[in-house]
Structure formats: structure tokens, C-alpha cells
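Where a number appears in this text, it was derived from the coordinates with a stated rule and is not lab data. This is a predicted model, so every value here is computed, not measured. Here the Cβ positions follow ideal geometry from the backbone for every residue, glycine too, while neighbour counts run over all protein chains shown.
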């Protein structure tokens, strides 16, 4: 079964707006990762946040992690049409297996 | 630097036929993964290799699926015989040795079983 659950399942915004996606997980983690998947393509690693970190930035991406609530969020600022993709959070379980959420499908309209 | 290479990109077969997928990981990556991704879902791990050893194949349906990584580099995933429910995207990924690393994914093979 999937460890992560993502919210919302789908998000549609206008170019220039910010997009926020949320992820919840079930067990303790070493780190949490976010991946992007363009239609019909493989996944691309975006950012990794360790369990002792609360916030991390990379370009237009901001990730937060709240281990007490077992949740994370991904914020994309000033979105572009090229950001249209599915976004997945993923974390390793105790057995060293990377477990993905079901993903958020983001559509950015020009 | 070349990424993870997979072939073929697309495969259409009839049920009960065999099919094989090939993956060449990033040079120097000891760990190789095969995932299956159903439509609208995240990838699910089928098998993980550390060099040529399969260290986690608990999710691999062993009655019809098999995998090998003979020289610890490229890998093949086989399904025989294929069933309708096997239609999915099969993704290969690789990472440096050790737990908790980021994984690098190939473009995947989209399998359609008719």
C-alpha cells in the first residue's frame, strides 16, 4: 500500500499564481523527497528534505516538513505553463523501500 | 552524463505472450530498481538490486515475473505469460549505493496487453 497521500489530487491554476501541494505519510522517515513527472515521461527528482529540517528552498520551490504531523508541502511560486506535470512525494520506509504517494496533477494555464 | 536508459519505450502484446524490458542505469550506480506504475498512481517497487544481488523482491509476482542483473550493470525484467492486468508503465531507476538516496528514473516502458 502507498505510504504517502497527497492533496489535492488535481490542481488547476493560471500562470504566475502559486501552487501548493500537500503530502502526508504514515511512519517515521529519514527524509522526504518530491518528484515531478511530465506526461508519458519518467520521474525527475526535485528536492529532498531531511527529517531534521523544517524548510528547504530550491529556485521557485519551497518544501516544508512537519514531522509531528507527518506532513510535507511543496510550494511552486510564480508558476509557468512548463510546470504542468504530476508531482509525487516519496519517503523510505523502515525496510529501505521508497514509497510514493498517488500524486497531484498540476495544470498551469497560460 | 547519460541518464537511465530503457527500451523499448512502448510495447503492445496479446495476453499470454512473453515480454521483456531492458534497463541500463547511470554509470557507477550500484543500486537498480524496477517499478510498476498504474494509471493515476505513484510507482510501486517490484524489485531492488544492490550490484547483482536482488535484495528486495517481495513485491515481484514470481509466478510470472522474473528479473536479472547478471554483471551488476544492466538489467532485464520479464513477464511470461502476460495478463491484461499487467498493462502499466514499467520504470527503471538507479541510485548510488546506500539507503535513502535520491533515485534517477528512466523514461519507462508503456506496456499494453490486449
Quote the Stokes-Einstein diffusion coefficient, in whole µm² s⁻¹, for the protein assembly as shown, based on the Kirkwood radius over alpha carbon pairs, a temperature of 20 °C and a viscosity of 1.002 mPa s.
119
Ranked by GNM mean-square fluctuation in chain B (Cα springs under 10 Å), the top entry among B:86, B:63, B:74 is B:63
Multiplying the sequence separation of residue B:54 and residue B:97 by 0.36 nm and subtracting their Cα-Cα distance, what value in nm do you get?
14.1 nm
18 Å tail of the calculated P(r), region B:51-114, as % of Cα pairs:
45
Sort region A:47-110 into rounded, prolate or oblate with this rule: let a ≥ b ≥ c be the square roots of the eigenvalues of the Cα gyration tensor; rounded if a/c is under 1.5, and if a/c is not under 1.5, prolate when a/b is larger than b/c, oblate otherwise.
oblate
Select from B:44, B:102, B:53 the residue whose mean-square fluctuation is largest in a Gaussian network model of chain B (Cα-Cα springs shorter than 10 Å).
B:102
Packing rank of B:34-40, A:51-57, B:107-113, where each peptide gets the mean count of other beta carbons within 10 Å, highest leading
B:107-113, B:34-40, A:51-57
Shape of chain A from its Cα gyration tensor (a ≥ b ≥ c, root eigenvalues): rounded if a/c is under 1.5, otherwise prolate when a/b > b/c, or oblate?
prolate
Considering chain B as a Gaussian network with a 10 Å cut-off on Cα pairs, which listed residue, B:94, B:58, B:75, attains the greatest mean-square fluctuation?
B:58
Evaluate peptide A:27-39: per residue, the Cβ atoms of other protein chains within 10 Å of its Cβ; return the mean as an integer.
2
Eigenvalues of the Cα gyration tensor times 5, then square-rooted: what semi-axes does that give for chain B, in whole angstrom, largest first?
23, 14, 13
Under the definition of partner shielding as Cβ atoms of other protein chains within 10 Å of a residue Cβ, what is the mean value for peptide B:28-41?
2
Give me the inter-chain shielding for A:98-106: mean count of other chain Cβ atoms within 10 Å, whole number please.
4
What ranking do A:100, B:104 get, fewest neighbouring Cβ atoms within 10 angstrom at the top?
B:104, A:100
Tell me whether region A:19-72 comes out rounded, prolate or oblate; compute the Cα gyration tensor, take square roots of the eigenvalues as a ≥ b ≥ c, and use a/c under 1.5 as the rounded threshold.
prolate
Test of understanding: what is the full-extension gain from residue A:17 to residue A:55, defined as 0.36 nm times their sequence separation minus their Cα-Cα distance?
11.6 nm
